[in-house]
1. Figure the gain on full extension for B:L411 and B:V60 (residue separation times 0.36 nm, minus the Cα-Cα span) and round it to one decimal in nm.
2. Which length gain, in nm to one decimal place, applies between B:R278 and B:F330 when the Cα-Cα distance is subtracted from 0.36 nm times their residue separation?
3. Straight-line reach only, C-alpha to C-alpha below 22 angstrom: list the lysines that A:K8 could link to, leaving out same-chain residues fewer than 8 apart.
4. When the gyration tensor of the protein assembly as shown is built from Cα positions, what are the square roots of 5 times its three eigenvalues, in whole Å, from largest to smallest?
5. Full-extension gain between A:T292 and A:H9, please, as 0.36 nm times their residue separation minus the C-alpha to C-alpha distance.
6. Taking H as built 1.01 Å from N, whose amide H comes closer than 5 Å to the amide H of A:S29, not counting residues under 5 places away?
7. Given a Förster distance of 60 Å, report the FRET efficiency between A:S29 and A:Y133 from their Cβ-Cβ distance, rounded to the nearest 0.05.
8. Cα centroids of region B:136-209 and region B:411-485: how far apart, whole angstrom?
Amino acid sequence: MRNQLEVKHASVKYGSQTVVDDVSFELESGAIGCLLGPSGCGKTSLLRAIAGFEPLAEGEILLHGRSVSYPGRTMAPEKRRVGMVFQDFALYPHLTVEKNIAFGLRGLSGKQQSERVRELLGLVGLSGLDKKYPHQLSGGQQQRVALVRAMAPRPEILLLDEPFSGLDVELREQLTREVRTILKREGVTAILVTHDQQEAFSLADSIGVLGKGRLHQWDSGYSLYHQPRDRFVADFIGQGAMIPGRVLRDGQIDSSLGRMKGNFVDQPGEGEAVELLFRPDDIVHDDGSEFTLEIVDKVFQGAEYLYTLALADGNRLLCLVQSHHDHAIGEKIGVRLHVDHVVAFPVEMSPQMDAKYFKIGQFNGRQEPAVRKY
Amino acid sequence: MRDAVSLRSARRKPRHTLLSTGVNAWHFAVALLALLLAVPVFVVLGHLFEPSGEVWRHLVDTVLQDYVINSLLLMIGVAIGVLLVGVSTAWLTSMCHFPGRSLFEWALLLPMAIPAYIIAYTYTGLFDFTGPFQTLLREWTGWGYGDYWFPEIRSLEGAALMLSLVLYPYVYLLSRAAFLSQSICVLDVSRTLGNGPWRSFFFVALPLARPAIVAGLSLALMETLADYGTVQYFGVSTFTTGIFRTWYGLNNATAAAQLSALLLLVVFALIMLEKGSRRQARYHHTTQRHQVLTRFQLTRKQGLMAFLICFGALFFGFLLPAGQLLWWAFTTAEESLDGRFLSLISHSLLLAGTASGLALLLALFFSYGKRRHGNWLVLAAVRMAGMGYAIPGTVIAVGVIIPFAAFDNALDAWVRERFGWSSGLLLSGTLAALLFAYLVRFLAVSLQTVDAGLGKIRPTLDEVARSLGSRSGEIVRKVHIPMLKGSLMTALLLVFVDVLKELPATLILRPFNYNTLAVRAYELASDERLADASYAALTIVIVGILPVILLSRSITRSRHAQST
């Protein structure tokens, strides 16, 4: 299948500051991609570069095989045929829903226009609201109008800049699923920018994790979670605990959880100190297991309890357990490891990151669940 | 998360402004125009450093002290007046329940429609010896001339009272906004801690609203310093009357400019005070959430008091003078409504219409310059162009007349030398000079309104249009103009009304015998033909009500927004 979007070694600079640094990825026609990262990571700048609002300092962007941006040339946004959904929706307050959606429809007769508008409104379940003004709509309805307005002229690619961040959590989850269904049904190629990994997981086919302008990993949500390529991705996606270990002669790793075969990006040498990543779902509670650990903290999460377990050497592990296994703090419970891929990183951690991991281990429910770290 | 969002959009903006450091034609034009508009201020300020002439020394020896003391006393009087009336009415209408509250909420703004010089001569007509009030008093008591004491309205205290009656809405507006924004959190806390209305007011609301109150006060004081008509009519020697007298009586431009410069320094101090207070007011803003207020329920007696306070402000600030004007107009209808009155109206319409149109064009030019090509140069230029608003019309007139005369004389000398004939006075004493002065003084009004309107069109609205294939022209036509329409009309209206009311600059700069409504009303009143002045005055007041309606509408709208 042909690549609808190609980003090759793209860099965006504001003055001397590099906000997007040598990013490359591709998106097939009809696929949904996501740029995920903490605020200030450059994801929005990259999206704006794809839309044509920011020039490239280096690299190239191709839309449908056509080069639209390279240093010294930035095709104007109005000529690119990109649809964009902004986080504030940017609906025109002086135009009705119908006129908003028809805003980008050019070269169509009045009848064709209203047909297209009706079709799109039907697609998002807003039929009959065509004569309303934006301020008469709820947040979710406004969001849908913004979406179909961008889709109306059948753009080469649809760019969504944190489109759900203005909505409350429940509506956000419902809309994310809905938008994916709509985009897939229409076969729209789209890129979503967000800092919310749940949103990324439920909407996108492939996700790029950005940090400080660099693309750390471009992968499926599953791989990002279970096989993060570096500490940044491991840290940003999901929760987990880091356990120190040491590489043995046969390439195995020795830690307080025993010996296991590691999975490395760069194979470390013998004797090198590493850290092993364990996700809460890697540690399975099993009353039959002989290996028992003490519960030092627990958080009720509805379907599950998130237990913090202490190892003999003082390190902590997180363990996700169905909530009818209700154990008290101080109790010892049996666990076993259920790890498909052992992920290990060479030790290069700063004291700050250490503190952060410790904090997750100490998680006591006063804060927001650490799943949404940003 | 919302914070992260707003942070990002806040960060995106300065990026453009910092990046575009290259100077293009827009920057050049904006800077040039702003410089031109700042000429009067610079000319006046320049006289601070001029060696003082004999006239100046004479002024210092004789009247300067009077000017300073009278201006100061007037400011103190007005400050006390506007604080008492403005803060109390603001507190009552925003925080307490009493009959007529929602009516007073907007009606208390009505006195703004009456220029101080008009209320001054109306009150003179009402309360001086031959006025209806004293006549009635004599008829009832049988007293004659000299049998009783009656406060002299044409005095410094009288002037302070007149100015307070029409300037308190500044304090009312700003402190009301402050009370409303703080109410929901801190006042509720105060009430749960057992404080009644009075304690809540003095220990919580008042200290928190102080920056807003000070900002309103400094606006009222700027208007006080700018006033010429009232003090001249009441025979109080202040800076503005002094500038006039030095200019016309002593015929000394330099000394007049030096007086103006001194006055300007005081005005600048007030501007700093206002700006500083507004900045502080932002920090004192205690909540972002707006909920339905629970107002204090007043007892019947308290409610009556509250009603009387608000009604008093409205009655003495608007109803009484407007009623008197109406009565005069009614009694003089036959002799006043003639061709002369029509020519007054057409002159005023022409001036106000042209000035507001020009100001709007300039404001659009500056505002778009800022939006599209905003770098430090443009920002500085726009700030400079908006500087004139706080500056008294008298000062601006002096600052306009000096460079215009110098230009005319230089041109004349050059033409004479070169071609052997005289070009005469090309600009001085023309409508062009007057219009220029209006622009200097009132551009800020237009600019603020257009800026605010354009600011509401978020950059994403432009970007959406571009991503949907619209070019700049189409964006302006399909997005900006429809969305700006209201702001543009408001800008036109505000400048129009301000020009209509403006007295001292018009008096000084108008072409010979060119009369406007304001000038004529003032002249007739000065000649003690109070009733004859009523038509011109009433016209100004009626037109002046229009922006008050606009303001009150925005107040009701914000109230609705709060209750949803």
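1. Using 0.36 nm per residue and subtracting the Cα-Cα distance, I get 122.9 nm.
2. 14.3 nm
3. A:K43, A:K79, A:K212
4. Numbers: eigenvalues 918, 237, 147 Å².
Taking √(5λ) for each Cα gyration eigenvalue gives 68, 34, 27 Å.
5. Full-extension gain reported as 96.9 nm.
6. A:R2, A:Q4
7. Details: r = 36 Å, r/R0 = 0.59.
It comes out at approximately 0.95.
8. Here the two parts' Cα centres lie 40 Å apart.
The values are calculated or read from the model by the stated rules, or taken from the named source; none is laboratory data. Because the structure is a prediction, the values reported are computed rather than measured. With ideal geometry, Cβ positions are generated from the backbone for all residues, glycine too; neighbour counts draw on all protein chains shown. These area figures cover heavy atoms from the full protein model, side chains too; ligands, DNA and RNA do not enter into them. Shrake-Rupley method; radii C 1.70, N 1.55, O 1.52, S 1.80 Å.
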